[in-house]
Every structure is written in C-alpha cells, then in structure tokens.
Amino acid sequence: MDAKIKNQINLSLLSINENVGFARAAAAAFAAQVELTLTDIDEIKVAVSEAVSNAVIHGYGADTQERRYVELTMILYADKLEFTVIDYGRGIANVEEARQPSYSSDPERMGLGFVFMESFMDELEVKSELQQGTTVRMAKMLAPVTEH
C-alpha cells in the first residue's frame with residue numbers, strides 16, 4: 001500500500017441502474033470515516049452517483065449482450081478523498097463539450113452530471129477514448145487537522 005494512502009476500497013459493479021444507488025451509499029460510508037459536514041457527504045454522494053450513472057447510461061448504453069462493469073475506487077489520503085469511476089464502454093468524443101451545462105448525448109437527459117461533479121468536488125479530471133472507455137477522477141479536499 002502506498003505510504004500516502006490511509007485507506008482504499010475498490011469496487012467492481014455490474015453496469016446496471018440498481019448499482020448506482022449502491023455506489024452512492026458506498027461513497028457516503030467511505031466519506032463518513034473523516035470529519036465532513038452532512039452537506040459535504042451529500043455532495044460526494046451526488047457526484048459519485050452521477051459519475052457511475054454516466055458510466056452505466058452513456059458508457060455502455062443499452063448494450064446488455066455482455067456483462068459490463070464499472071470500477072469505483074475510493075482512496076483516503078491525509079489531505080483528500082479521491083473517487084475514480086472507470087467504464088470500458090463507448091467513450092466520449094469531445095470531453096470539453098460533454099462538460100458543458102445541458103449537454104447530453106441522450107435528449108431525454110438534462111446533461112448536468114459533469115456540472116454537479118465539478119461544483120460539488122474540488123477536483124475533476126475526465127479522460128476518455130472512443131471505444132475504450134472513460135475515467136472520471138474526483139477529489140474532495142479535507143480541512144487540515146489542527147493540534148490542540
């Protein structure tokens with residue numbers, strides 16, 4: 001284990017809508033190990049569930065012929081919580097365009113997933129390659145611990 005890592009959990013979730021809620025609850029439980037406000041935990045839950053939902057809906061879409069998985073890695077460092085969501089699906093043709101408010105490849109969707117991730121987390125990095133998948137890395141910075 002990397003000396004800087006205080007805790008880490010890796011989850012492999014079948015790419016189905018039912019697991020979005022599981023990922024959300026897992027992120028909240030993981031975040032609860034450090035001192036955060038309820039608002040911070042709620043924001044983490046929304047950001048992680050949006051990233052996992054994007055992977056399920058847009059990464060793989062209706063392609064249910066094969067078992068597809070979404071990887072969720074949660075890492076606690078001394079100064080931040082980091083959440084990485086990876087799918088191995090279609091990928092995003094233009095990441096910058098996809099990060100714009102109201103953009104969605106599905107006209108039935110609001111296109112606010114990346115907006116929520118960006119506004120609720122302190123760091124957001126999106127890497128994608130067509131037909132290879134997408135990696136979304138998000139971090140919430142932790143307040144420095146003060147000694148009494």
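The values are calculated or read from the model by the stated rules, or taken from the named source; none is laboratory data. Since we're looking at a predicted model, the values are computed, not measured. With ideal geometry, Cβ positions are generated from the backbone for all residues, glycine too; neighbour counts draw on all protein chains shown.
Scanning the range 88-117 for residues that are aromatic (Phe, Trp, Tyr) and at pLDDT below 85 returns a single hit, Tyr103. Ser49 meets each of the listed conditions (1) in contact with a strand residue (DSSP E or B) (Cβ under 9 Å, 6 or more places away or on another chain); (2) within 18 Å of Asn17 (Cα to Cα); (3) modelled with pLDDT of 95 or more; (4) among the small types (Gly, Ala, Ser) apart from (1).
Ala23: aliphatic (A, V, I, L, M), part of a helix (DSSP H, G or I), at pLDDT below 95 and surrounded by 16 or more Cβ atoms within 10 Å (Cβ to Cβ), yes or no? Considered against the rule, which asks whether it is aliphatic (A, V, I, L, M), part of a helix (DSSP H, G or I), at pLDDT below 95 and surrounded by 16 or more Cβ atoms within 10 Å (Cβ to Cβ), Ala23 comes out as no.
Kindly establish whether Ile16 is modelled with pLDDT under 95, more than 27 Å from Asp79 (Cα to Cα) and part of a helix (DSSP H, G or I).
Against the criterion (modelled with pLDDT under 95, more than 27 Å from Asp79 (Cα to Cα) and part of a helix (DSSP H, G or I)), Ile16 does not qualify.
Inside the range 1-13, can you point out the residues that are surrounded by fewer than 20 Cβ atoms within 10 Å (Cβ to Cβ) and either within 10 Å of the chain's Cα centre (by Cα) or at pLDDT 95 or above (or both)? Hits for the range 1-13 are Ile5, Lys6, Asn7, Gln8, Ile9, Asn10, Leu11, Ser12. Of the set (1) in contact (Cβ under 8 Å) with a residue 60 or more places away in the chain; (2) out of contact with any Asp or Glu (no Cβ under 9 Å at 6 or more places or on another chain), all apply to Ala47 but (2). Among the residues of the range 1-24, those identified as out of contact with any strand residue (DSSP E or B) (no Cβ under 7 Å at 6 or more places or on another chain) and touching a residue at least 12 places away in the same chain (Cβ under 8 Å) are Ile16, Asn17, Val20, Gly21, Arg24.
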